[in-house]
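All remarks here apply to the structure that follows.
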Amino acid sequence: MIAAPAPRAPPTTTAADATTPVKLAVRALDAGFGATPVVRQLTLDVPERRVLAIIGPSGCGKSTLVRCLNRMHELVPGATVGGSVLLDDHDIYARDVDPVLLRRRIGMVFQKPNPFPTMSIRENVLAGLRLTGALRGGRKQPAIDGIVEQALTRAALWDEVKDRLAAAGGSLSGGQQQRLCIARALAVEPEVLLMDEPCSALDPIATARIEDLIHVLRERYTIVLVTHNMQQAARASDLTAFLLHGELIECAPTERLFTQPSDRRTEDYITGKFG
Amino acid sequence: MPRHTDREYESELRALNDRLLKMAGRVEEMVAQAARALAERDAELARTTILLDETVNTDEVEIDEACQSILARRQPLAGDLRFIACALKMVTDLERIGDIAVNLCERAIELAREAALSPIAGLGQMAALVQEMLKDVMDAFNARAADRARAVVRRDDLVDELYHGVLRELLARMSQDASALQRGIHTLAVAKFLERLGDHATNLAEEVVFLVEGKDIRHAGKRGGPPA
């Protein structure tokens, strides 16, 4: 499958997942900042309704890769992108694609919970919808209430906040804030959810809640989870991709990658023999 | 081979490896002494060998504890995870080998009380073969050499073959000579214990293949999987 030094075919998601439709297909992706390449010729399939974890040392290109998946990378001045990313076989970098609308289909949750602190819990959930203009048509109040409840329920936060939807987002605990951000991402009904280190600022219990939530969310959404925590990748994902120096070294079913990696570099990284 | 960045973790894994090798060395010694006690009808040697089992039992408990500690504190992955899984299984096989050496010694003590049976063809060869298998499998473990471990697995067929030969010969003798019954039964037990040693050496070899390659070759063929 992988191993061997260059020149070689770039590794891709294994054939073991060939039966699952591919939701996101990354093809020969190059990304960087100015003249500095960060992601190189990366090819990877993300199967539909699976959790793909991306692991690798700091600076390996994990975050840049996920930020290319919903065109957030290009928002940084000097950012460069080449190659393609296909969502349901359509290139998200095609000219006719509106990045704002694209980000409704591919939502994102960040490392640090970032709710609007003074905005109410309810308005936080609706913020994404308002920004994309989705509520402009004058939807009726009960329908909007339904969206709020559904998003908070799917983010496993409803029971904790249903009696204080008017309270400020900033009044919640860190773990609750992160779930509020997940609810905000889910309210726009995305198909793919990108999670960039969603638990790195959370305690183990809040982390377990998010991981439990990921297990439930994968029934509806395709999830890409960037994590520094290998145990988290092992617990929460179906597939794991290992990146090093912007290249995909190996992508395999998580259980196999963590018990029997094919590439020496993966083995060295996950057993802590690096650097 | 690159070392773990965390040197304390590296030394914990090395210490565990060394303890397994030491434990294996002890049980190999026990089996060698048991075989000698049987061959030379040396009850005293058998008695001193039995005393060694206590250390082996302590090894088992301590290695188990070390594995649990590493699992809890280090959450090993990949090759390290396979090593711990392997160590937990190996320690059980090694401890059982120690027990079987004790069983052999007990029979040696019984047999030394009685007149010697004329030599049984194949029995000495069985004893030598299982000792070689034990030695080779631990060498394979130490060298992380799956091919050498597989060679040990293959040799178990010969042990079984020899066992059946010994069984037939003993049954024939006992049916012809009632006075050989008591000694024959002890000797039958000896053959069975040696055959079991071959099985444990085979288990160890399968564990080494798993450790090195991540492949489970147990019951190969019976589960419809590819042959080992």
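So what's the projected area for the stretch A:15-270, the Cα convex hull averaged over all directions, in nm²? Numbers along the way, then the final one.
Working: hull surface 55.9 nm².
The orientation-averaged projected area of the Cα hull of the stretch A:15-270 comes to 14.0 nm².
Note on A:S262: accessible area approximately 60 square angstrom, rounded to 10, probe 1.4 Å, nucleic acids and ligands left out.
Can you send over the carbon and sulfur percentage of the accessible area for the stretch A:15-270, probe radius 1.4 Å, protein chains only? If you can, show how the numbers build up before the last one.
Details: 5590 of 10890 Å².
Carbon plus sulfur share of accessible area: 51 percent.
Accessible area ranking (1.4 Å probe, heavy atoms, ligands and nucleic acids excluded), largest first, for A:V76, B:V152: A:V76, B:V152. Coupling constants for the stretch B:208-216 follow from the phi torsions by the Karplus curve (6.51 cos²θ - 1.76 cosθ + 1.60, θ = phi - 60°), and in residue order they are 5, 4, 4, 4, 7, 10, x, 9, 8 Hz; glycine and proline get x. List the residues of the stretch A:180-224 whose backbone N lies under 13 Å from a point placed 7 Å from the Cα of A:R105 along the Cα-to-Cβ direction. So the set is A:190-193. Looking at chain A, identify the longest residue range that excludes and avoids all trypsin sites (Lys or Arg not before Pro) in DSSP loops having at most 12 other Cβ atoms within 10 Å. In short, A:141-275.
Net charge dipole, chain A: roughly 520 debye, given to the nearest 20, about the Cα centre with Cβ charges of +1 for Lys and Arg and -1 for Asp and Glu.
When +1 charges are put on Lys and Arg Cβ atoms and -1 charges on Asp and Glu Cβ atoms, the dipole computed for the stretch B:7-213 relative to its Cα centre reaches about 240 debye.
Farthest toward the positive end of the dipole of the protein assembly as shown, out of A:V192, B:M30, B:T92, is the Cα of A:V192, where the dipole comes from beta carbon charges about the Cα centre. Which positions within the stretch B:60-78 get 10 Å² or more of their accessible surface covered by the other protein chains, compared to the chain by itself, with a 1.4 angstrom probe? At a threshold of 10 Å² (probe 1.4 Å), the residues of the stretch B:60-78 that become less exposed are B:Q75, B:L77, B:A78.
Would the stretch B:1-57 count as rounded, prolate or oblate if I go by the C-alpha gyration tensor, calling it rounded below 1.5 in a/c and otherwise prolate when a/b exceeds b/c, oblate otherwise? Judged from the Cα gyration tensor, the stretch B:1-57 comes out prolate (a/c at least 1.5, a/b above b/c). Ignoring lysines fewer than eight residues from A:K162 along the same chain, the ones with Cα atoms less than 29 angstrom from its Cα are A:K112, A:K140. GNM on chain A, alpha-carbon springs under 10 angstrom: the most fluctuating residue among A:V22, A:V97, A:V66 is A:V97. For chain B, what relative contact order do you get, as a whole percent, if you take Cα pairs closer than 8 Å and at least 6 residues apart? That works out to 23 percent.
Note on chain A: with a GNM built from Cα contacts shorter than 10 Å, the maximum mean-square fluctuation among A:V38, A:V224, A:V51 falls on A:V38. If a spin label sat at a point 7 angstrom from the Cα of A:A166 along the line to its beta carbon, the backbone N atoms of the stretch A:123-160 nearer than 14 Å would be those of A:123. Given axes a ≥ b ≥ c from the Cα gyration tensor, I'd like to know whether the stretch B:7-213 is rounded (a/c under 1.5), prolate (a/b larger than b/c) or oblate. Prolate is the answer for the stretch B:7-213, as a/c is 1.5 or above and a/b outweighs b/c. For A:V109, the residues 5 or more places off, or on other chains, whose built amide H falls under 5 Å of its own are A:L194, A:M195, A:D196.
Given a cut-off of under 8 Å on Cα pairs at least six residues apart, what relative contact order in percent is computed for the stretch A:85-244? Walk me through the intermediate numbers first.
Numbers: 210 pairs, mean separation 47.6, N = 160.
The normalised contact order for the stretch A:85-244 reaches 30 percent.
Computed from the Cβ-Cβ distance with R0 of 25 Å, the FRET efficiency linking B:K192 to B:A43 stands at 0.75. Taking every C-alpha pair closer than 8 Å and separated by at least 6 residues, the mean separation divided by the residue count of chain A gives a relative contact order of 28 percent. Under the simplified labelling scheme, the B:E114-A:R264 pair shows an inter-label distance of 5.9 nm, with each label point 7 Å from Cα along Cα→Cβ.
Dipole magnitude for the protein assembly as shown: about 1940 debye, using +1 per Lys or Arg Cβ and -1 per Asp or Glu Cβ, origin at the Cα centre. Shown in residue order for the stretch A:78-85 are the 3J(HN,Hα) couplings computed by the Karplus curve 6.51 cos²θ - 1.76 cosθ + 1.60 at θ = phi - 60°: x, 5, 10, 9, x, x, 9, 10 Hz (x for Gly and Pro).
For the residues A:T240, A:T254, A:T80, a GNM of chain A with alpha-carbon springs under 10 Å puts the largest fluctuation on A:T80. Along the stretch A:181-197 the Karplus relation, 6.51 cos²θ - 1.76 cosθ + 1.60 evaluated at θ = phi - 60°, assigns HN-Hα couplings of 5, 5, 4, 4, 5, 6, 4, 8, 6, x, 9, 10, 10, 9, 10, 9, 6 Hz to successive residues, with x for each Gly and Pro.
Once you've got the Cα coordinates, tell me which of A:K23/B:K89; A:K62/A:K273; B:K22/B:K215 are over 30 Å apart. Kindly include the intermediate steps, with their values, before the conclusion.
Details: A:K23/B:K89 42 Å; A:K62/A:K273 20 Å; B:K22/B:K215 26 Å.
A:K23/B:K89, as the Cα separations exceed 30 Å there.
Put simply, the amide H of A:V22, placed in the peptide plane, has neighbours under 5 Å in A:E48, leaving out anything fewer than 5 places away on its chain.
For the chain pair A and B, the buried solvent-accessible surface (1.4 Å probe, both sides summed) amounts to about 1200 Å². Under 5 Å between amide hydrogens, built in the peptide plane, is the criterion, and for A:L244 it picks out A:I249 among residues at least 5 positions away or on other chains.
Multiply the residue gap between B:E65 and B:I185 by 0.36 nm, knock off their C-alpha separation, and tell me the result in nm, one decimal place.
Values: separation 120, 0.36 × 120 = 43.20 nm, distance 3.90 nm.
Extra length from B:E65 to B:I185 when fully extended: 39.3 nm.
Computed from Cα atoms alone, the Kirkwood hydrodynamic radius reported for the protein assembly as shown is 26.9 Å.
The values are calculated or read from the model by the stated rules, or taken from the named source; none is laboratory data. What you see is a predicted model, and the numbers here were worked out from it, not measured in a lab. Backbone-built Cβ (ideal geometry, glycine too); neighbour counts: all protein chains shown. What goes into the accessible areas is simple: the full protein's heavy atoms, side chains included, and nothing from ligands, DNA or RNA. Shrake-Rupley method; radii C 1.70, N 1.55, O 1.52, S 1.80 Å.
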